[in-house]
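Nothing in this text is a laboratory measurement; each read-out follows from the coordinates by a stated rule. Computed from a predicted model, the values in this text were never measured in an experiment.
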Amino acid sequence: MNNRLHLVKNWADWAPQAGYRSQNLARLCQVSVRQLERFFHKKFKRSPHQWLRTARMARAVELLQDGSSVKETATLLGYKAVPHFTRDFKKWSGKSPTSYVRIHFTPPLA
């Protein structure tokens with residue numbers, strides 16, 4: 001296993017730099033995609049793609065919670081189209097981004 005990968009401590013910081021793409025992350029780490037896959041399966045018990053998808057959606061939740069619109073969030077996360085982001089988010093959370101915000105971040109009425 002490549003020692004260089006064991007030295008990385010801030011994977012969450014690298015994800016946005018890589019545009020949430022496995023190939024870009026491998027390039028940043030100066031390893032092959034296959035080396036990155038082996039490392040991620042061993043360390044995180046998932047593929048880099050799965051890990052990056054989760055990191056991207058976690059960032060989406062943060063942005064939405066901080067008041068970013070769905071369109072802003074999609075753009076900040078590198079989506080070219082809002083419907084693509086909405087579909088990915090719904091697949092990940094079971095709810096559309098708008099519904100997710102309404103359910104999780106709207107204060108209850110007094």
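Can you give the calculated 222 nm mean residue ellipticity of the chain, where each DSSP H run of n ≥ 4 adds -39,500 (n - 2.57) and the sum is split over every residue, rounded to the nearest 500 deg cm²/dmol?
After summing the helix terms and dividing by residue count, I get -20500 deg cm²/dmol.
A straight chain from L76 to S99 at 0.36 nm per residue would run longer than the Cα-Cα distance by 6.3 nm.
Contact order for the chain, expressed relative to its length and based on alpha carbon pairs under 8 Å spaced 6+ residues apart, stands at 18 percent.
Remark: the H84-V8 segment gains 24.3 nm on full extension, using 0.36 nm per residue and subtracting the alpha carbon distance. Within straight-line reach of K80, meaning a Cα separation under 21 Å, sit the following lysines at least 8 residues removed in sequence or on another chain: K71, K90, K91, K95.
Rounded to whole Å and sorted largest first, what semi-axes of the equivalent ellipsoid does the C-alpha gyration tensor of the range 47-110 yield via the square root of 5 times each eigenvalue?
They are 21, 13, 11 Å, listed from largest to smallest.
In order along the range 31-37, the phi-based Karplus estimate (6.51 cos²θ - 1.76 cosθ + 1.60, θ = phi - 60°) of 3J(HN,Hα) comes to 9, 6, 4, 5, 4, 4, 4 Hz; Gly and Pro are listed as x.
Volume per residue of the convex hull around the Cα atoms, evaluated for the range 3-105, comes out as 99 Å³.
Phi angles across the range 15-25 convert, under the Karplus curve 6.51 cos²θ - 1.76 cosθ + 1.60 with θ = phi - 60°, into 3J(HN,Hα) values of 4, x, 4, 8, x, 6, 10, 4, 4, 5, 5 Hz, Gly and Pro given as x.
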